[in-house]
1. Which count do you get for residues in segment 254-278 that are buried (at least 17 other Cβ atoms within 10 Å of the Cβ) and farther than 23 Å from ALA140 by Cβ?
2. With the condition kept exactly as written, say whether any residue in segment 226-233 is without any contact (Cβ under 8 Å) to a residue 24 or more places away in the chain and more than 20 Å from GLY122 (Cα to Cα).
3. State yes or no: is TRP68 out of contact with any Asp or Glu (no Cβ under 7 Å at 6 or more places or on another chain) and in the same structural domain as ARG135 (by the TED database)?
4. So, ARG110, is that one more than 30 Å from LEU241 (Cα to Cα), open to solvent by 10 Å² or more (accessible area, probe 1.4 Å) and either under 18 Å from the mean Cα position of the chain (by Cα) or not assigned by the TED database to the domain that holds LEU204 (or both) or not?
5. Any chance segment 279-295 includes a residue that's open to solvent by 20 Å² or more (accessible area, probe 1.4 Å), within 19 Å of the chain's Cα centre (by Cα), among the polar types (S, T, N, Q) and not assigned by the TED database to the domain that holds CYS155?
6. Tell me the residue from TYR119, TYR137 that is open to solvent by 10 Å² or more (accessible area, probe 1.4 Å), among the aromatic types (Phe, Trp, Tyr) and in a strand (DSSP E or B), please.
7. Taking the conditions exactly as written (among the aliphatic types (A, V, I, L, M) and either buried (at least 18 other Cβ atoms within 10 Å of the Cβ) or assigned to a strand (DSSP E or B) (or both)), does ALA129 satisfy them or not?
8. Kindly indicate whether GLN217 is in contact with a Pro (Cβ under 6 Å, 6 or more places away or on another chain) and at pLDDT 95 or above.
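The values are calculated or read from the model by the stated rules, or taken from the named source; none is laboratory data. Here the structure is a predicted model, which is why all the values come from computation and not from measurement. Quick reminder, even Gly has a Cβ in these numbers, built from the backbone with ideal geometry, and neighbours come from all protein chains shown. Just so you know, the surface numbers come from the protein's heavy atoms only, side chains and all, with ligands and any DNA or RNA stripped out. Shrake-Rupley method; radii C 1.70, N 1.55, O 1.52, S 1.80 Å.
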Amino acid sequence: MPELHVAGQSWSVPNASNLLDALNAAGLRVPYSCRAGSCHACLVRCVRGEVENAAPQALSPERLAEGWRLACQCRVVDELILELFDPARDGLPAKVVASDWLSPSVLRLRLQPEKNLRYSAGQHLVLWADAALARPYSLASLPGEDAWLEFHLDCRQPGAFSDAARQFRPGDVLRLGELRGGALHYDPDWHSHPLWLLAAGTGLAPLWGILREALRQQHEGPIRVLHVAHDSSEHYLGEALRALAATHPQLQVELLTATELTAVLAELKLVSRQTRALLCGSPASVESFARRLYLAGVPRNQVLADVFLPRA
């Protein structure tokens, strides 16, 4: 049985044990959100020894060379000396500059990092509230335009991070972990193509940044934004979207409730085979969007999606 040596503890685990489970079973409280190698909250560093890594592609070559691994994707097959990700040592400090409610359940959090962070619209970032509480959130801010990092937190359901976030006040300091890019982005080569942005709930956050990036790059093709919310009070960027549509004739905005979604999706008509579609929201929402786009004739390789996984 291989041995683990972490934070002054040593113990044996069965061969091929999941590393995240082994660490948390020992009381080390390694945070995680998805268990799918997407959230990057469970970073650990192999100081000595190696693991069986199911998702080496999830980390950059530089991170891998430094010994970092995603614990949820690793199995223990050798004696290991590990270091846990320590936000106080390994994270970037960021000060809360604003925390306010955009709707009854969506909290807008704006952070000012200690040093400039290079990012692109559509990426997401792991936020650490303390040494054992971390969760990834999509960036809603636009680099080069916004002087802060902006996040839209869905607080409809209880959750450790969202509960903590309700107490954030200007001047509080959080730590930033992994910056990661998913499928969502804006490509300047799309400038003349129809662009559809379909979001459910706070899946609108990354698409808000991408929409503004497209407009900043003077996107010429028609842009259609469709936002689905539980009820009309949850169209938390409705006013801002309408203001953009009023000054950009190529932009069409549709704000729907869940009960209206099926009928609207059934009427989606493809205007061009060059259409690019970006989707974001819960797994069920993204699946509904993707299925209808497929039936409408949008080529699969022109549909990009990020899924907000439920809390593990």
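1. 3
2. There is no residue in segment 226-233 that is without any contact (Cβ under 8 Å) to a residue 24 or more places away in the chain and more than 20 Å from GLY122 (Cα to Cα).
3. Considered against the rule, which asks whether it is out of contact with any Asp or Glu (no Cβ under 7 Å at 6 or more places or on another chain) and in the same structural domain as ARG135 (by the TED database), TRP68 comes out as no.
4. No.
5. Yes, segment 279-295 contains at least one residue that is open to solvent by 20 Å² or more (accessible area, probe 1.4 Å), within 19 Å of the chain's Cα centre (by Cα), among the polar types (S, T, N, Q) and not assigned by the TED database to the domain that holds CYS155.
6. TYR137
7. yes
8. Yes, satisfied.
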